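Contents: one structure, followed by commentary.
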Amino acid sequence: MWGILVLPGSCSEAEGAKRLFLQVKAGLTQLEVVWLDGGYEHRIEAWVETHCAFRVEIIKRSARQQGWELLPKRWVVERTFAWLGRWRGLAREYDYRPETTQAKIILAMSRLMLRRLTA
């Protein structure tokens, strides 16, 4: 986990990604590529090119595919969201402050990593 940023629902995903990249880019010197969902296409590539040392690749579904389609690299994000959703403190959103939710995410991921180290 290299960064966490909890924002209100009124903030767009692209704007949130820009804020997160600015927040963590100093620690991401070894990072070469970031995979993004198709919803980011034409919304963030030019900004990343001018502000970050890494590049982005948009993972899109094929135009001909109808219904659900397995996308490469997408399962990593979905699996992480599933792990976080299993943690009781994050199953429902009752917190008023974003900092509280960020702390809960750090706790949940720390617990997951510690369990793997001790298993």
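The table below gives the values:
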| item | result |
| --- | --- |
| Pairs with Cβ under 9 Å, 6+ apart, first in the stretch 46-74 and over 22 Å from Arg19 (Cβ atoms) and free of Cβ contacts under 8 Å to residues at least 24 places away in the same chain, second polar (S, T, N, Q) and loosely packed, with under 11 Cβ neighbours inside 10 Å | Glu69/Ser62 |
| Index of the failed condition, Gly85 passing every other in (1) surrounded by 12 or more Cβ atoms within 10 Å (Cβ to Cβ); (2) touching a residue at least 12 places away in the same chain (Cβ under 8 Å); (3) not aliphatic (A, V, I, L, M) | (2) |
| Leading residue by the ranking (least open to solvent (accessible area, probe 1.4 Å)) among those in the stretch 1-31 that are modelled with pLDDT under 90 and charged (D, E, K, R) | Lys25 |
| Candidate set: the stretch 61-74, residues that are under 17 Å from Val33 (Cα atoms) and surrounded by fewer than 14 Cβ atoms within 10 Å (Cβ to Cβ); chosen: the one modelled with the lowest pLDDT | Pro72 |
| Residues of the stretch 1-31 that turn out to be assigned to a loop (DSSP other than H, G, I, E, B) and not small (Gly, Ala, Ser), as a count | 12 |
| The lone exception for Leu112 - which of (1) out of contact with any strand residue (DSSP E or B) (no Cβ under 6 Å at 6 or more places or on another chain); (2) farther than 26 Å from Ser10 by Cα; (3) open to solvent by 90 Å² or more (accessible area, probe 1.4 Å); (4) in contact (Cβ under 8 Å) with a residue 24 or more places away in the chain it fails | (3) |
| Of residues in the stretch 32-56 being over 14 Å from the mean Cα position of the chain (by Cα), acidic (Asp, Glu) and not in a helix (DSSP H, G or I), the one surrounded by the fewest Cβ atoms within 10 Å (Cβ to Cβ) | Glu32 |
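The values are calculated or read from the model by the stated rules, or taken from the named source; none is laboratory data. These figures come from a predicted structure and were not determined experimentally. Every residue, glycine among them, receives a Cβ derived from its backbone with ideal geometry; neighbour counts consider all protein chains shown. Accessible surface areas use protein heavy atoms only, side chains included; no ligands, DNA or RNA. Shrake-Rupley method; radii C 1.70, N 1.55, O 1.52, S 1.80 Å.
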